[in-house]
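One structure below.
Each value in this text was obtained by applying a stated rule to the coordinates, not by laboratory testing. Note that the structure is predicted; figures quoted are calculated from it, not measured. Here the Cβ is made from the backbone with ideal geometry for all residues, glycine too, and neighbour counts use every protein chain on show.
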Amino acid sequence: MVLLPLPSPIFVLLHIHPLHRPELSNRDRLNIWHQLAVHTRLLCIFLLVFAIALTPNGRWLTWLIYGIAAMPILYWSQVNLKLLAQRMAIELGFASVALLGTLFRQGGELLWQWHWLQISTNGLIVLGSVSIKAFLSLLLLNILTLSTSIPLLLQALVILKMPPLLVSIMAAMYRYIGVLTQEFQSMRLAAQSRNFAPQNLYALHRRDRPWQRQVLGNMLGMLFIRTYNRGDRIHQAMIARGYQGIPMTVKSVAMGWRDRLTLGGVIFIILLGQTLEQIIYITLR
């Protein structure tokens with residue numbers, strides 16, 4: 001994955017890569033995390049993410065408990081830390097634009113003011129709370145997607161009785177994004193052989209910048225047309241092979257004692273995080 005400059009999200013297509021598909025080694029199969037059923041991993045991550053997101057602002061001890069609980073998951077998942085850091089850097093970079101607006105909320109003690117901009121204690125609490133929520137949630141979700149393949153996650157959604165149409169849409173998006181990426185790569189190769197270079201779009205001294213923009217616009221438009229035509233052909237081929245809009249299911253792994261114990265531990269951690277700080281606050285009063 002390539003780190004992109006945040007001010008130019010349009011050019012993500014120019015650096016797009018195939019989706020990461022983790023492969024399990026024999027050592028991974030003996031790991032605690034990989035011994036769990038896929039729908040158990042999905043439930044554990046979603047329960048933690050919902051608990052983190054629904055925690056009121058300023059509950060620092062609660063998030064500390066959830067952060068400590070995320071460390072064993074990170075260790076057992078054995079994900080590529082460099083790839084994890086690159087993904088989170090991109091995601092947090094986009095999220096920081098929205099997070100910055102929470103800093104200037106009114107309320108509490110006024111710390112700094114310049115014209116209509118002001119920073120108060122309430123704004124700092126909200127900014128810190130939302131930042132921690134975003135960081136922990138993205139960390140857990142990225143661990144899940146890096147340690148578990150997308151087809152297995154889609155299968156877990158089917159097992160958990162998610163709407164079949166929603167699962168089918170996500171499966172189609174995943175399975176054909178690689179094909180569309182290859183199409184764009186071939187179009188970019190053809191354009192580069194005709195002296196097109198994405199970096200020239202930023203070069204102010206070049207006189208062919210309008211031509212470079214025109215080539216990029218034509219490429220995006222042609223990609224849309226080819227995508228529509230190819231999607232229609234794929235849909236017709238699927239219908240000819242008996243597709244009825246319901247995702248195919250394979251034999252799922254039943255939940256064992258490890259899965260039940262793990263779910264019980266996650267629920268205990270969530271309840272502990274939600275109640276411990278309140279108990280300490282009541283005791284100190």
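Brief remarks on what is shown
- For Met238, neighbours were defined as the other residues whose beta-carbon sits under 15 Å from its Cβ, and their charges (Lys and Arg +1, Asp and Glu -1) total +3.
- Calculated from backbone phi, Karplus (6.51, -1.76, 1.60) coupling profile of the stretch 167-183 in Hz, x at Gly/Pro: 5, 5, 5, 5, 5, 5, 4, 5, 6, 10, 5, x, 5, 5, 4, 5, 4
- The packing ranking of peptides 258-269, 45-56, highest mean first, is 45-56, 258-269, where packing means the average number of other beta carbon atoms within 10 angstrom of each residue.
- Applying the Karplus relation 6.51 cos²θ - 1.76 cosθ + 1.60 with θ = phi - 60° to the stretch 145-161 yields 3J(HN,Hα) values of 6, 7, 9, 9, 5, 4, x, 5, 5, 5, 5, 5, 5, 5, 5, 7, 6 Hz, where x marks Gly and Pro.
- Estimated distance in nm for a label pair at Tyr75 and Phe224, the labels positioned 7 Å out from Cα along Cα-to-Cβ: 5.1 nm
- Amide H contacts of Gly58 (H built 1.01 Å from N, in plane; Pro and chain starts excluded): Ser129 sit under 5 Å, all sequence-distant by 5 or more or on other chains.
- Residue-wise HN-Hα couplings along the stretch 267-272, as the Karplus relation 6.51 cos²θ - 1.76 cosθ + 1.60 with θ = phi - 60° gives them from phi, are 5, 5, 5, 5, 5, 4 Hz; Gly and Pro carry x.
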